[in-house]
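Reviewing the structure listed below.
The values are calculated or read from the model by the stated rules, or taken from the named source; none is laboratory data. Keep in mind that this is a model prediction, so the values were computed, not measured. Reconstructed Cβ throughout: ideal geometry from the backbone, glycine too, with neighbour counts over all protein chains shown.
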Amino acid sequence: MADVQAISKGIRMSPRKIGLVASLVRGRSVADALVILEHTPKRAAKPVAKAIASAKANAVTNHGLAENSLMITNLQVTHGTIMKRWKPAAQGRALPIAKRSSHVRVVVSGEPKPKKSTAKPATTKKASTKKEAEEKE
């Protein structure tokens, strides 16, 4: 079983909101997770689904794992950078606004694809010129 990961960084949503959606699909198969996220009415479902789809593509394309055997083994949501802004308030004060971002790390594992047989089927040679074709007849 090989572990393959994908990381989405700088998602402009708080880690708490993304974590709620991530907990829905932790430990499930990749196919089930994508279906669940497709029908989840939260805005955070889209970036989580995108990260899972990226991990799936990495596993199938780069590591040769079977698409139907992929399972989500680890799904972490961590905080990213925080943009600090200020909102003016009465009596000369300024209230802080923290615009949070998140990082999503997805690790999937699965079985390798079964190997195809390397034996080539026998092919017949075609005549390359008209003369060779006439000579054979």
Practice item. Among the residues of segment 30-71, count how many are under 21 Å from His103 (Cα atoms) and of a type in the set (S, T, N, Q). Key: 3
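Yes/no per residue for (1) closer than 21 Å to Thr78 by Cα; (2) in contact with a Gly (Cβ under 7 Å, 6 or more places away or on another chain); (3) small (Gly, Ala, Ser); (4) modelled with pLDDT under 95:
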residue: Ser23; (1), (2), (3), (4): yes, no, yes, no
residue: Asp32; (1), (2), (3), (4): no, no, no, no
residue: Ile36; (1), (2), (3), (4): no, no, no, no
residue: His39; (1), (2), (3), (4): no, no, no, no
residue: Lys42; (1), (2), (3), (4): yes, no, no, no
residue: Ala51; (1), (2), (3), (4): yes, no, yes, no
residue: Ser54; (1), (2), (3), (4): yes, no, yes, no
**Study point:** Every residue from segment 1-41 that is touching a residue at least 40 places away in the same chain (Cβ under 8 Å) and hydroxyl-bearing (Ser, Thr, Tyr)
**Key:** Ser8, Ser14, Ser29
Review point. Here are Ala133, Ala127, Ala89: which of them is more than 27 Å from Pro47 (Cα to Cα) and modelled with pLDDT of 95 or more?
Key: Ala89
Exercise for review: Determine whether segment 56-79 contains at least one residue that is in a helix (DSSP H, G or I), of a type outside the set (A, V, I, L, M, F, W, C), closer than 25 Å to Glu111 by Cα and in contact (Cβ under 8 Å) with a residue 60 or more places away in the chain.
Suggested key: yes
